[in-house]
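Heads up: the structure comes next, in structure tokens.
The values are calculated or read from the model by the stated rules, or taken from the named source; none is laboratory data. Fair warning: this is a prediction, and the values are worked out from it, not measured in the lab. Note that we place each Cβ from the backbone using ideal geometry, even for glycine, and neighbour counts take in every protein chain shown. What goes into the accessible areas is simple: the full protein's heavy atoms, side chains included, and nothing from ligands, DNA or RNA. Shrake-Rupley method; radii C 1.70, N 1.55, O 1.52, S 1.80 Å.
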Amino acid sequence: MEFWRSSLESLVVKKKLLILGGQGFIGSHLVALALQKKYQVTVLSVKKEGFSISIPGVEQVEIVTADATNSKDLQAVLKKKSFHYVINCAGYIDHKLYKNGGRQLVDQHFTLVMNLVEYLNRESLESFIQIGSSDEYGNLPSPQIENSRESPISPYSFGKVAATHFLQMLHRTENFPVVIVRIFLTYGPGQDNRRFLPQIIQGCLQNESFSTSEGEQVRDFCYISDITEGIFQVLETPAAKGQIINLASGKSISIRTIIDTICKMIGKGNPEYGKIPYRSGENMELYANIEKAYKLLGWVPTTSLEDGVKKTIHYYQQQLEE
């Protein structure tokens, strides 16, 4: 019986998945889940680096390198390749002003997408997931909902909005199989140490005093496994084509409350509230309406904030002990 099972499995053609930015925080978790789901995974990155987390079976992943904002570089690596699915989570979150280097951010989040569409083999392409951002909503009132007109407040968010409109135009005019997934604040193991929650957790673990804003901003935190499961549900739902879909917890919490929660869980740390000013134009209330994800996908997040933060604290405790 085992012989027949293994023989049948060998006859199954694996779906080919390309993940841009697959070595970053969200990308690494997507790679891990894709391997569990038996996809044939290729990662495209600017340079070969380690994944942000340990991934069982990672030796099966093909890694190709290119600067995707450079059309010739991208054309060279995509030539003669074809994929059934693409997830674009390339680029970095950066709120710098245009005069301080914002053009590069627009290239990373918009020019890259135009290049990608131009050189992808569309004949085999079944679904293209563009990872958007809650920042596309700018200062719109909360809870932010997908049919709102976007209001970018930085080169980063403008690049994301431009990519959204470009891809939706392609869907309307050329039936390009795109879905825009707008994620809100995602956290969990493997996140860059410079990001908000890792900084707070490590500051508390080391019993440091650390500067923060007054913490009145209201945000929406969603654990990484909920986000990655949601992305794959989008990928595998034909009715999602052409849509914008929020993935988030749908619950709001103030920055001060989450900092105080982490300090209490760890039992150490001294946040110095008010030492950092709010960003110019910062949205003080940014949390999602997730009704569309539930109605279209049947998706709801299953990890509570308490459980997710505990898992994340445990990860960084282990990191500090190594």
Note on the range 84-127: residues open to solvent by 20 Å² or more (accessible area, probe 1.4 Å), in a helix (DSSP H, G or I) and of a type outside the set (V, I, T) are Y98, K99, N100, R103, Q104, D107, Q108, F110, M114, E118, Y119
Would you pick out the residues in the range 51-81 that are among the hydrophobic types (A, V, I, L, M, F, W, C), closer than 16 Å to K16 by Cα and part of a loop (DSSP other than H, G, I, E, B)?
-> V61
Is it the case that some residue within the range 254-261 is more than 14 Å from F221 (Cα to Cα) and touching a residue at least 40 places away in the same chain (Cβ under 8 Å)?
-> no
Note on the range 128-182: residues of a type outside the set (S, T, N, Q), assigned to a helix (DSSP H, G or I) and in contact with a strand residue (DSSP E or B) (Cβ under 7 Å, 6 or more places away or on another chain) are E136, Y137, K160, A163, L167, L170, H171
Return the residue satisfying two criteria in turn: it lies in the range 10-46 and is over 24 Å from G188 (Cβ atoms) and part of a loop (DSSP other than H, G, I, E, B), and of such residues it is most open to solvent (accessible area, probe 1.4 Å).
-> V13
For the subset of the range 139-161 comprising residues that are open to solvent by 20 Å² or more (accessible area, probe 1.4 Å) and small (G, A, S), which member is nearest to L112 (Cα to Cα)?
-> S151
For E126, are the conditions met, namely being modelled with pLDDT of 95 or more, charged (D, E, K, R) and in contact with a Lys or Arg (Cβ under 7 Å, 6 or more places away or on another chain)?
-> no
Which residues, counting only those in the range 235-274, are hydrophobic (A, V, I, L, M, F, W, C) and within 30 Å of L167 (Cβ to Cβ)?
-> L235, A239, A240, I244, I245, L247, A248
Before we move on, is E136 within 21 Å of the chain's Cα centre (by Cα) and open to solvent by less than 40 Å² (accessible area, probe 1.4 Å)?
-> yes
From the set of residues in the range 310-322 that are open to solvent by 70 Å² or more (accessible area, probe 1.4 Å) and at pLDDT 95 or above, which is nearest to the chain's Cα centre (by Cα)?
-> K311
